Amino acid sequence: MSDVPKSHPRYISLALRDKIVEGVELGITSIHGLIAHGRGEAYDYLLSEQTLTFAKTSIRAAAAMLCLAEHPVISVNGNVAALVPDDLVVLANLLNAPLEVNIFHTESGREEKIKQHLLNHGAEQVFMPTTEAELFYIDSNRKYVHPDGIFTADVVFVPLEDGDRCQALRKMGKNVITIDLNPMSRTAQTASITIVDNVIRALPLLCEEIQRTPTNHEMQSVLNQYQNDTILSEALRHIRRGANDEW
Ligand code: ATP
């Protein structure tokens, strides 16, 4: 970011805007992604732009679920590809899991550009959507998946998911882990584990937690105790409390 000094109180937020805009310029982020990012910014503001305790609980559960999964897959859209390409690659390597491109708006070869972007950041395996495998319960372009990727995954990690597909994946019996700053979105409400935090903060913490390599017993017990509804209620309470304090 050329002309904003690091001392600027909104430096990180402005730097993220730059990354998303750059994503659009590179043709990997949809112009609609700018609107989704803006919604995220608003919720991040209400969440004090910090990884709060409830998000840390979800991160621990997500790490456990991903480590215990038989076939975890990481779904990538244009916003996460622009914001956190290196962290996605680190996560894929830690889990030995494929990355799979899955987007709503497929204009101008965007899927291929996202794949190339991930490869440029060191990704080893990037699956693309195919017509050989289709998700049930969904009509949009996002139903096209890879037969060895999302189609057969037992756990799908989908930072910044769209509610329709999250519901479809759940109906197909898959566990879904998402990162979503809005605890009221359909995605947040239907995922198995919702990390209510910004992807740029949550993803590095998730990788750290996976590297801590807790025992299988420890991970199973974390999962047994985890309740997504409780996490979402805590996030909402934080937002309401913050709003009341302000006024
Ligand atoms: P849903 O279909 O689940 O109801 P939506 O229609 O509200 O979702 P989308 O436009 O599909 O939302 O996706 C944007 C979602 O991603 C929003 O919930 C927004 O809060 C969240 N989001 C945007 N940027 C980030 C980010 N950097 N980190 C985490 N979440 C984000």
* Structure fact -> Once phi for every residue in segment 222-236 is put through the Karplus expression 6.51 cos²θ - 1.76 cosθ + 1.60 (θ = phi - 60°), the whole-Hz ³J(HN,Hα) values, with Gly and Pro written as x, are 4, 5, 4, 7, 6, 10, 5, 4, 5, 4, 5, 5, 5, 5, 5
* Pull up all non-local amide H partners of E161: gap of 5 or more, or a different chain, and H-to-H distance under 5 Å with H placed in the peptide plane. => I179
* Structure fact -> Rounded to the nearest whole number, the Stokes-Einstein translational diffusion coefficient of segment 53-246 at 25 °C and 0.890 mPa s (Kirkwood radius, C-alpha pairs) in µm²/s is 146 µm²/s
* Structure fact -> Non-local residues with an amide H under 5 Å from the amide H of E100, with H modelled 1.01 Å from N and Pro and chain starts lacking one, are I74, S75, V76, F127
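So which of K143/K171; K113/K143; K19/K115; K56/K113; K115/K143 end up more than 21 Å apart, counting from Cα to Cα? Can you show the working numbers first?
On the way: K143/K171 13 Å; K113/K143 19 Å; K19/K115 17 Å; K56/K113 33 Å; K115/K143 18 Å.
Pairs exceeding the cut-off: K56/K113.
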* Return a whole-number percent for the relative contact order of the chain, with Cα pairs under 8 Å and 6 or more residues apart as the contact set. => 23 percent
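List the trypsin sites (Lys or Arg not before Pro) within segment 1-98 that DSSP assigns to loop and that have no more than 14 neighbouring Cβ atoms inside 10 Å. Mind showing how you got there, number by number?
Details: sites: K6, R10, R17, K19, R39, K56, R60; in loops: K6, R10.
Sites meeting the loop and neighbour criteria: K6, R10.
Sum up the charges of everything whose Cβ sits under 14 Å from the Cβ of C67, counting Lys and Arg as +1 and Asp and Glu as -1, but leave C67 out.
Numbers: positive: R60, R212; negative: E70, D154, E208, E209, E218.
That sum, taken over residues with Cβ under 14 Å, equals -3.
How big is the charge dipole of the chain about its Cα centre, in debye rounded to the nearest 20, if each Lys and Arg gets +1 on its Cβ and each Asp and Glu gets -1 on its Cβ?
Details: 22 positive and 32 negative charges, 97 e Å.
The dipole magnitude comes to about 460 debye.
Based on DSSP, what percent of beta bridges with both residues in the chain are antiparallel, to the nearest 5? Intermediate results must be reported in sequence, preceding the final value.
Working: 2 of 18 bridges.
Around 10 percent antiparallel, to the nearest 5.
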* For segment 98-132, run through the GluC sites (Glu not before Pro) and keep only the ones in DSSP coil with at most 15 other Cβ atoms within 10 Å of their Cβ. => E124, E132
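All of the numbers you see were taken from the coordinates with simple rules; none came from a lab. Quick caveat: nothing in here was measured; it's all calculated off a predicted structure. Cβ: placed from backbone, ideal geometry, glycine included. Neighbour counts: every protein chain shown.
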